[in-house]
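Q: I have a structure here, written as structure tokens, and I will follow up with some questions on it.
The values are calculated or read from the model by the stated rules, or taken from the named source; none is laboratory data. Note that the structure is predicted; figures quoted are calculated from it, not measured. Virtual Cβ from ideal backbone geometry, glycine too; neighbours counted across all protein chains shown. Note: areas computed on protein heavy atoms with side chains; ligands, DNA, RNA excluded. Shrake-Rupley method; radii C 1.70, N 1.55, O 1.52, S 1.80 Å.
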Amino acid sequence: MWQRLKHIVDDLRAYPDLSPDLKLRRQVLQFLRQRPPLSPADWHTTYGEPLDLSFGVIKFAHEYLGKYAGIEFGRTLPEDRLEDDLCWTHICWFDWSLSLCDDFQKEFGIDLSSELPNLPTTTVGALLHFLEKHWQVPEGLPNAEC
């Protein structure tokens with residue numbers, strides 16, 4: 001019984017280290033609110049097409065990356081630096097990259113877990129290019145429509 005109680009106390013002590021910094025997240029949200037929110041289709045037309053990114057990857061990023069960080073992905077720019085501008089590792093849960101792998105597997109049937117050491121941490125655009133490189137349209141399905 002003491003072992004179980006010790007485990008619970010240890011978990012509670014570790015929680016702040018593993019959870020997002022909500023104060024910092026609010027600051028990032030305030031910074032991003034200065035920009036208009038773009039739908040996945042608008043983000044793809046404005047930024048994705050010039051960067052040769054598929055709509056499927058943009059739609060995935062719009063839905064999932066925003067959840068990991070608690071932000072609206074449609075307000076980000078490809079040149080936003082994940083750490084310096086968005087404070088990514090501080091505003092996401094500690095296991096966001098594992099969630100990314102799970103969600104990518106669920107959405108596209110592609111396992112990224114072996115690529116985790118290569119996950120770019122520079123810019124939003126670099127992360128999207130990484131996903132694009134690994135994304136494939138399943139046989140017989142058209143590229144997701146805007």
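Q: When the residues of the range 39-72 are narrowed to those that are touching a residue at least 60 places away in the same chain (Cβ under 8 Å) and under 13 Å from Leu127 (Cα atoms), which ends up surrounded by the fewest Cβ atoms within 10 Å (Cβ to Cβ)?
A: The extreme case among them is Leu51.
Q: In addition: Please go through the range 73-100 and pick out each residue that is closer than 16 Å to Ile58 by Cα and either in contact (Cβ under 8 Å) with a residue 60 or more places away in the chain or not in a loop (DSSP other than H, G, I, E, B) (or both).
A: Scanning the range 73-100 gives Phe73, Gly74, Arg75, Leu100.
Q: Since His44 meets every condition but one in (1) in a helix (DSSP H, G or I); (2) farther than 18 Å from Glu132 by Cα; (3) not small (Gly, Ala, Ser), which condition does it not meet?
A: With (1) in a helix (DSSP H, G or I); (2) farther than 18 Å from Glu132 by Cα; (3) not small (Gly, Ala, Ser) applied to His44, the lone miss is (2).
Q: Let me ask something else. Under 21 Å from Ser97 (Cβ atoms) and either in contact with a Leu (Cβ under 7 Å, 6 or more places away or on another chain) or at pLDDT 70 or above (or both), is that true of Pro20?
A: Criteria met by Pro20.
Q: Any idea which of (1) in a loop (DSSP other than H, G, I, E, B); (2) open to solvent by less than 50 Å² (accessible area, probe 1.4 Å); (3) modelled with pLDDT of 95 or more is the one Pro36 doesn't satisfy?
A: (2)
Q: Which one is modelled with the lowest pLDDT among residues in the range 119-131 that are open to solvent by 40 Å² or more (accessible area, probe 1.4 Å) and out of contact with any strand residue (DSSP E or B) (no Cβ under 7 Å at 6 or more places or on another chain)?
A: Among those that are open to solvent by 40 Å² or more (accessible area, probe 1.4 Å) and out of contact with any strand residue (DSSP E or B) (no Cβ under 7 Å at 6 or more places or on another chain), it is Thr121.
Q: Name the single residue that is modelled with the highest pLDDT among those in the range 95-118 being of a type in the set (Asp, Glu) and over 22 Å from Ala41 (Cα atoms).
A: Among those that are of a type in the set (Asp, Glu) and over 22 Å from Ala41 (Cα atoms), it is Asp102.
Q: Need pairs with beta-carbon distance below 7 Å; first residue under 16 Å from Thr89 (Cα atoms) and within the range 107-126, second surrounded by 14 or more Cβ atoms within 10 Å (Cβ to Cβ) and of a type in the set (Phe, Trp, Tyr); sequence gap 6+ or separate chains.
A: Sorted first by the residue in the range 107-126, then by its partner, the pairs are Leu119/Phe130; Pro120/Phe130.
Q: Moving on. Are any of the residues in the range 84-94 open to solvent by less than 20 Å² (accessible area, probe 1.4 Å), of a type in the set (Phe, Trp, Tyr), at pLDDT below 95 and within 18 Å of Pro20 (Cβ to Cβ)?
A: Yes, some residue in the range 84-94 is open to solvent by less than 20 Å² (accessible area, probe 1.4 Å), of a type in the set (Phe, Trp, Tyr), at pLDDT below 95 and within 18 Å of Pro20 (Cβ to Cβ).
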